[in-house]
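For reference, the structure is listed below as structure tokens.
The values are calculated or read from the model by the stated rules, or taken from the named source; none is laboratory data. All values reported here derive from a predicted model rather than from experimental measurement. Neighbour counts are summed over all protein chains in view; Cβ atoms, including those assigned to glycine, are modelled from backbone coordinates with ideal geometry. In case anyone asks, the SASA skips ligands and DNA or RNA and just uses the protein heavy atoms, side chains included. Shrake-Rupley method; radii C 1.70, N 1.55, O 1.52, S 1.80 Å.
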Amino acid sequence: MGELAVGETAPEFDLEGSGGERIALSALRGHPVVVYFYPKDDTPGCTKEAIAFTDLIADFRKIGVTIIGVSPDTAAKHDKFIAKHELAVRLAADTQTGTAEAYGVWVEKSMYGKKYMGVERATFLVDADGKIAQVWRKVKVPGHAEAVLEAARAL
């Protein structure tokens, strides 16, 4: 799967979410959506990112933007992650990694010389019509949620 570009239609997904809900991108049409992919619940970078989005959730809601975090973790793990850190973002369980693959973020990674498949931290701002408005790849967490909020305000 090639990299998604600005202006393309965001790939549809329908995943099990935290709290037992279903999260489908099509159900959110008509409002902008931030879809951010992260490797694993309760790891340092992923926790910082989820907390950063949670800290700005009121600002995102004011402009009608929904935030969805997606990782290969189960919905049960997401529930524990949300409870532990009092997160306000919705989390979706991409346990089969099909959504990560569709968005081009299921990639080969390397740690200590060992290669494995995993999620590349990336964020997609999807406009109200379901088109990709902006893409952030290989995200560095500090300042990222603020940059996404600024881009969402410009829609």
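So the values come out like this:
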{"quantity": "ALA128 being among the aliphatic types (A, V, I, L, M), part of a loop (DSSP other than H, G, I, E, B) and under 18 Å from ILE23 (Cβ atoms)", "calculated": "yes"}
{"quantity": "Hits in segment 143-155 - residues which are open to solvent by 70 Å² or more (accessible area, probe 1.4 Å), in contact (Cβ under 8 Å) with a residue 60 or more places away in the chain and either of a type outside the set (Lys, Arg) or assigned to a loop (DSSP other than H, G, I, E, B) (or both)", "calculated": "GLU146, LEU155"}
{"quantity": "Any chance ALA58 is assigned to a helix (DSSP H, G or I) and free of Cβ contacts under 8 Å to residues at least 60 places away in the same chain", "calculated": "yes"}
{"quantity": "Which listed residue is within 24 Å of LYS140 (Cα to Cα) and crowded, with 20+ Cβ neighbours inside 10 Å, from ALA52, ALA5, ALA92, ALA88", "calculated": "ALA92"}
{"quantity": "Hey, GLY113 surrounded by 15 or more Cβ atoms within 10 Å (Cβ to Cβ) and farther than 23 Å from ILE57 by Cβ or not", "calculated": "no"}
{"quantity": "From GLY45, GLY69, GLY64, residue being open to solvent by less than 40 Å² (accessible area, probe 1.4 Å) and over 16 Å from VAL34 (Cα atoms)", "calculated": "GLY45"}
{"quantity": "Considering residues of segment 77-125 that are assigned to a helix (DSSP H, G or I) and hydrophobic (A, V, I, L, M, F, W, C) only, the residue nearest to the chain's Cα centre (by Cα)", "calculated": "ALA100"}
